[in-house]
Each structure stands twice: as structure tokens, then as C-alpha cells.
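Colleague: Okay, here's the structure, questions in a sec.
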Amino acid sequence: MRRTSPGEIPTDKRAAAERRQSTARILIASVIVIAVLYLSKPVVVPVALAILFAFLLTPIVGVLERTFLRRGGAITLALGLTITTLGFGGWWIYQQFNAVALELTQTVATGHIEQKLRWLGKSSGGTIDVFERTLLRVAEAREKKEQADLKVRVIPERKTLGERYEEVAPTIEGVAASFLIIVLVFFLLRDRQQLRDKFLRLAGRAHVTVTTQAIGETSQRISRYLLTIAAVNVSFGILIGLGLWLLQVPHAALWGVLAGLLRFIPYIGAVLSAAFPTFLALAVFPNWVPALAVLGLFLFSDQLIGGFIEPIVVGHRVGVSPVALLIAAIFWGWMWGPVGLLLATPITVCLTVAGEFIPALRMFSIMFGSEDPLEGYLSFYNRLLLRDRSGAIAIADRQADSSAMEEMFTELFIPTLTFAQEEIERKRISQANDHFIKDVIRELIIRFGDRNAGIPDPERHIVAVSVAGERLSLGTLMLTQLLRSEGYSVDYFTDLPEPELVSFISEVKPEAVFISCSNADHLDQGFNLLGLVSSSFPDLTVVAGGSGFSRDRGKTLGAGATYVPSTLAEAKEDFLTRRKSVKKKGTRSITFSGTRFRVPPTA
């Protein structure tokens with residue numbers, strides 16, 4: 001054993017210190033990145049929007065540039081159609097909202113809203129009355145102020161150049177940002193291959209493959225997401241528009257378009273889109289039924305699209321968990337406002353894909369990914385360690401639905417038992433935990449064995465027995481359950497006296513006897529049982545299973561065992577191969593996993 005010199009830091013302590021330093025560096029870097037993104041919002045947001053539109057238009061440009069338009073014409077046409085559509089759509093929505101405002105001023109005089117507020121005031125014990133009186137006082141105060149203003153001559157105040165610029169600055173900044181986005185989208189589309197090559201050059205020759213895969217996977221996932229979510233939101237808008245038209249709500253087309261657009265904002269967009277038509281239905285119709293029907297339409301449509309269709313289509317395509325999308329929407333909405341809500345999912349997808357290819361960003365792929373962060377057997381082991389029997393059984397049932405029983409044994413149960421044994425040796429879990437894990441796995445082995453058992457063949461019979469004071473080892477139990485699926489009938493015995501066991505074997509004449517011993521303290525009893533069975537029935541195949549026997553294979557074979565299994569798959573295949581082999585009189589040999597054993601001649 002290597003000793004640590006006086007000035008040398010132990011390996012464990014050094015590794016712990018390195019982990020702490022790495023965590024501190026990640027935390028400091030995260031704080032710096034968040035601060036930079038927050039402070040550089042005027043610059044970063046237009047660039048992020050341009051990249052988003054570039055991803056959206058890349059498939060369209062890719063199709064158009066194969067025609068006579070080539071790349072320049074394709075980009076110009078795609079950008080022109082996009083700008084025209086957005087401009088015309090914005091103008092149409094503005095005109096529709098003006099019509100809605102005019103209609104609301106005309107319908108308020110009908111008193112429908114006032115009647116509903118009075119009814120709510122009677123039902124709510126005065127809360128709505130207080131709200132209504134507050135609105136009336138505000139309206140009266142505003143009316144008096146307007147009447148007083150009519151008697152005063154207002155002389156416009158001279159404003160400085162700076163004050164005038166402050167009034168028009170938001171408009172100028174909006175136009176400049178829009179122009180910057182358009183120009184940047186054009187160059188991103190035109191030079192997209194060169195930009196990719198520059199990223200590859202920055203990554204270096206050693207990382208060319210990883211970087212190429214990361215860029216390709218990111219672009220494909222984001223493009224699929226944008227196209228899929230656009231189709232889903234268009235379907236949502238069409239469903240809302242048709243429903244409102246059937247309910248005779250004014251401007252149904254406007255509310256359908258608005259519902260589809262607002263739904264690009266995760267989780268809150270559908271709620272915001274439902275507020276406008278519901279309020280309009282309250283103002284226009286004399287009773288509550290249309291407004292409640294409008295609200296029910298939005299709830300039904302959102303549950304249909306968001307609860308059933310979107311998780312299957314969008315969630316599968318993006319590869320990001322719903323919880324990660326919700327957290328991302330909250331974070332980026334806080335950082336960048338409504339634009340952040342729109343960009344939340346694409347940014348999250350980029351981080352998730354980057355984490356799959358870049359080790360330093362792996363935490364993002366684990367935290368944001370939709371796949372199980374633990375390997376199958378580790379997740380199963382985790383549930384067992386928490387004594388979550390139902391959760392562990394659910395994982396095993398899912399595994400059984402997608403794989404054969406043998407695969408489940410070798411890929412789920414055996415790795416779990418091996419890992420649990422390693423943790424026992426490291427003294428990280430207690431014996432009580434180990435017993436619970438083995439008891440649940442034993443229960444599952446028997447359950448799946450009963451579920452997959454074939455039709456018993458009277459000529460295919462085996463006996464499984466454990467030494468006194470033990471139960472059958474889990475390995476022996478799994479092997480016999482696999483043989484049951486092949487049509488074998490099995491008799492299981494524990495603590496059966498030796499004379500009764502010999503009598504039973506003489507009566508049923510099984511094809512093989514499986515003897516199990518897992519505890520090293522019971523090895524002498526196990527060796528005696530092996531010797532008794534092999535000497536009483538020289539032609540009988542005796543399979544010795546369990547960790548006790550496997551620790552000393554030579555002594556176990558010398559005690560009378562025909563075969564000591566090493567792996568579950570090999571044991572099953574060798575046993576079935578041996579049965580299919582032609583039996584010859586006289587001395588014969590049997591091969592198990594490359595080991596040949598001589599069996600005495602039949603008496």
C-alpha cells in the first residue's frame with residue numbers, strides 16, 4: 001500500500017478541493033455571464049432575434065436557392081415576403097383593434113357590464129361594489145378635470161432639442177433595431193456556411209468532429225422546433241377562430257390570429273389571448289353564457305393542444321423537459337421581457353445540445369434534457385434505496401414492456417445487485433437496505449417469471465434447492481425463470497431435509513438439479529449436498545449457483561457440481577444446447593461455456 005509523504009496532499013482531499021474550485025469557477029462565470037446579458041440587452045436582443053429568424057428562414061431559403069433565384073435572390077425573396085407579411089399583419093391587427101375599441105364604446109352604453117357587476121356585487125358580499133364605486137369616482141374626477149381644462153387656455157411650452165428627442169427616441173430606437181435585425185438576418189443567411197467554418201476553425205482540428213455534430217444537431221433541433229411549434233400555434237389559432245365565429249363573438253378572426261401569436265410565449269400566452277374575447281363577450285352579450293362559452297373554448301383548446309398534442313410532438317422533437325422550459329421562460333422573461341419569453345425555448349435547446357457535445361456544459365444537458373438523467377439500473381437502484389417499492393416496480397414494468405425478460409434481468413436486475421454489493425463493501429448502505437433491494441428484486445423475478453412462463457413440458461423438469469438456512473440465490477432464481485419461459489417445469493425447495501430431497505429426485509427424475517449457496521458460512525453444507533446428489537444420481541446434471549459456490553469454482557466442481565454458471569446468458573444457452581445434443585450410451589462429455597465435463601455412463 002502506498003503511503004502519503006508528509007508534504008503530499010491525499011488523493012481524496014485533492015479531488016475534493018478540485019471539485020470545490022471547479023464549482024466556484026462555474027458559479028462566478030455564471031454570475032458574470034448573467035450580468036453581461038442583462039446589461040447588454042439593447043445589443044444582445046436584436047442579435048438573438050436575428051439568429052432566431054435566420055433559423056426560421058433557413059429551410060425556406062434552402063429550397064428557394066435551388067431554383068433560378070440562387071442564394072441572393074432566395075434570401076431577398078424570403079426576407080421580403082416575411083417583412084411584407086409582418087407589416088401587413090401588424091397593420092391589419094391595428095385596424096382591427098381600432099374597430100374593437102369603437103365597438104366597445106358603443107356597447108358600454110347598453111349597460112351589460114354594469115348589470116353583471118351589480119350581480120357579482122350581490123353575490124360577493126360587497127367586494128365588487130367597492131370596485132365599481134372606485135371606478136365611478138375615478139371617472140367623475142377625470143370628467144371634472146376635463147371640464148376644468150376646457151375653461152383654461154393652454155399655451156404650449158417650448159421644449160429643448162433633448163426633450164423632443166426623448167419623446168421620439170423609443171420610435172427611432174425601434175426602427176433602428178428592426179433595420180439592424182433585417183440586415184443581420186440577410187448576412188447570417190448569406191454567410192451561414194462561412195460562419196459555420198469559422199466556428200470549426202475556432203474549435204481547432206482536434207474538435208472538428210464534435211463541433212460539426214453540435215452545430216448540425218442544434219440547427220436541426222431549433223428548425224424542427226420552430227416549424228413544429230408554428231404549426232401547433234396556427235392550429236390553435238384556427239381552432240379558436242372557428243369556435244368564436246360559431247359563438248358569434250365579434251372579430252373572431254382577430255382573436256384567432258392573436259391567440260396563435262401570443263401562444264409563442266410559453267405558458268402565459270394562451271391565458272393572455274383569452275382575456276380580450278372574454279371581456280368583449282361580457283360587454284356585447286346580455287347574459288353570461290357566451291362569455292363562459294368563450295372561456296371554456298380557450299380552456300378546452302389549450303388542454304387539447306398543450307396537454308396532449310404538444311407534449312407528444314414538440315416535447316419529443318426538442319428534447320427538453322417541460323420543467324426546464326418553464327424555468328427558462330421565467331428566467332429569460334425576467335432578463336429580457338416579452339422577447340425573452342419568445343427566445344426562451346430556442347436558447348434552452350442550444351444549451352441542451354451543447355451540453356451533449358461539450359463536457360464543460362454537460363450540466364445543461366442533464367438539467368434541461370427530457371431523457372432520464374440516470375441510467376436505467378441506477379434509477380431503479382435509487383428508487384429501491386429510497387424504499388420506493390411502487391416506483392421501482394413501475395421502472396421494471398416499463399423495462400419489461402420494451403425488452404425481453406432475459407434483457408431485463410441482465411440490464412436491470414444484475415447491474416443493480418452488483419452495484420448494491422459494491423456499495424455494501426464500501427459501507428455506504430446498510431444491510432437493511434441490501435435486504436430490501438434483494439426482496440423487491442426477488443418478488444419481481446417471480447412475477448415476471450410467472451408472466452412469461454411457457455406451457456410446461458412433462459419431459460422437461462428441473463429441481464431447484466437451496467442449502468439449509470438460505471433461500472435460492474437470485475441468480476439461480478433468474479436462470480430457472482428463463483428456463484420456465486422455454487417450457488420447463490420447476491420445483492423449488494428451501495430447508496428440505498436431504499433424505500426427502502433424494503426421495504423426491506428419485507420419484508420425479510428431473511433433467512437437472514440446481515443447488516444454491518450464497519453464504520460463505522454455509523459452504524460446507526453446500527459441498528455435502530453437492531456430493532450427496534452427484535453420488536446418488538451419477539447421470540444427473542447438477543448446477544451449482546450462488547456467490548458462495550462461485551468464489552471457489554474448483555472446489556465446487558470437485559464436490560460434485562457439473563457446472564458453475566458464470567453469466568446468466570451463457571448458463572441458459574449452454575443448458576439448452578446440452579439438452580438438444582444427442583445422448584449416447586457409455587461415457588459422454590458435456591460442454592458448458594468452453595469447459596468439457598465427463599459424465600459417467602448410464603447404469
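The values are calculated or read from the model by the stated rules, or taken from the named source; none is laboratory data. All values reported here derive from a predicted model rather than from experimental measurement. For neighbour counting, all protein chains shown are included, and Cβ atoms are generated from backbone atoms with ideal geometry for every residue, glycine included.
Colleague: Can you tell me which residue among 548, 526, 487, 554 is touching a His at 6+ places or on another chain (Cβ under 7 Å) and either under 28 Å from residue 439 (Cα atoms) or not in a loop (DSSP other than H, G, I, E, B) (or both)?
Modeller: Going through 548, 526, 487, 554 in turn, just one is touching a His at 6+ places or on another chain (Cβ under 7 Å) and either under 28 Å from residue 439 (Cα atoms) or not in a loop (DSSP other than H, G, I, E, B) (or both): 548.
Colleague: State which residue is surrounded by the fewest Cβ atoms within 10 Å (Cβ to Cβ) when the search covers only region 243-299 and only residues that are aromatic (Phe, Trp, Tyr) and more than 27 Å from residue 56 (Cβ to Cβ).
Modeller: Looking at the filtered set, the residue picked out is 288.
Colleague: Would you please name the residue that is surrounded by the most Cβ atoms within 10 Å (Cβ to Cβ), looking only at residues in region 543-555 that are under 20 Å from residue 490 (Cα atoms) and touching a Phe, Trp or Tyr at 6+ places or on another chain (Cβ under 8 Å)?
Modeller: Looking at the filtered set, the residue picked out is 545.
Colleague: Among the residues of region 521-566, write down those that are under 15 Å from residue 476 (Cα atoms) and free of Cβ contacts under 8 Å to residues at least 24 places away in the same chain.
Modeller: Within region 521-566, 550, 564 qualify.
Yes/no per residue for (1) out of contact with any strand residue (DSSP E or B) (no Cβ under 7 Å at 6 or more places or on another chain); (2) of a type in the set (D, E, K, R); (3) modelled with pLDDT under 85:
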residue: 263; (1), (2), (3): yes, yes, yes
residue: 267; (1), (2), (3): yes, no, yes
residue: 271; (1), (2), (3): yes, no, yes
residue: 287; (1), (2), (3): yes, no, yes
residue: 295; (1), (2), (3): yes, no, no
residue: 303; (1), (2), (3): yes, no, yes
residue: 307; (1), (2), (3): yes, no, yes
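Colleague: Let me ask another. What number goes with the only condition from (1) under 24 Å from residue 538 (Cβ atoms); (2) among the hydroxyl-bearing types (Ser, Thr, Tyr); (3) at pLDDT below 85 that residue 473 does not pass?
Modeller: (1)
Colleague: Sticking with this one: Being within 24 Å of residue 566 (Cα to Cα), of a type outside the set (Ser, Thr, Tyr), free of Cβ contacts under 8 Å to residues at least 12 places away in the same chain and surrounded by fewer than 18 Cβ atoms within 10 Å (Cβ to Cβ) is the requirement here; does residue 443 meet it?
Modeller: It is true that residue 443 is within 24 Å of residue 566 (Cα to Cα), of a type outside the set (Ser, Thr, Tyr), free of Cβ contacts under 8 Å to residues at least 12 places away in the same chain and surrounded by fewer than 18 Cβ atoms within 10 Å (Cβ to Cβ).
Colleague: A follow-up question, please. Exactly one condition in (1) more than 20 Å from residue 480 (Cα to Cα); (2) in contact with a Cys (Cβ under 9 Å, 6 or more places away or on another chain) is false for residue 548; which is it?
Modeller: Tallying (1) more than 20 Å from residue 480 (Cα to Cα); (2) in contact with a Cys (Cβ under 9 Å, 6 or more places away or on another chain), residue 548 fails exactly one: (1).
Colleague: Turning to a different aspect of this structure: Out of the helices (runs of 4 or more DSSP H) lying entirely within region 242-312, which hold 1 or more residues that are hydroxyl-bearing (Ser, Thr, Tyr), within 23 Å of residue 89 (Cα to Cα) and more than 24 Å from the chain's Cα centre (by Cα)?
Modeller: Hits in region 242-312: 269-284.
Colleague: Run residue 245 past the list (1) touching a residue at least 60 places away in the same chain (Cβ under 8 Å); (2) aromatic (Phe, Trp, Tyr); (3) touching a helix residue (DSSP H, G or I) at 6+ places or on another chain (Cβ under 6 Å) and report the number of the one that doesn't hold.
Modeller: Here residue 245 meets the rest and fails (1).
Colleague: Restricting the search to region 516-529, which residues are out of contact with any Gly (no Cβ under 7 Å at 6 or more places or on another chain) and either aromatic (Phe, Trp, Tyr) or within 16 Å of residue 565 (Cα to Cα) (or both)?
Modeller: 527
Colleague: Just to be sure, is residue 558 at pLDDT 85 or above, within 23 Å of residue 568 (Cα to Cα) and surrounded by fewer than 14 Cβ atoms within 10 Å (Cβ to Cβ)?
Modeller: Here the answer is yes, as residue 558 does meet what is asked.
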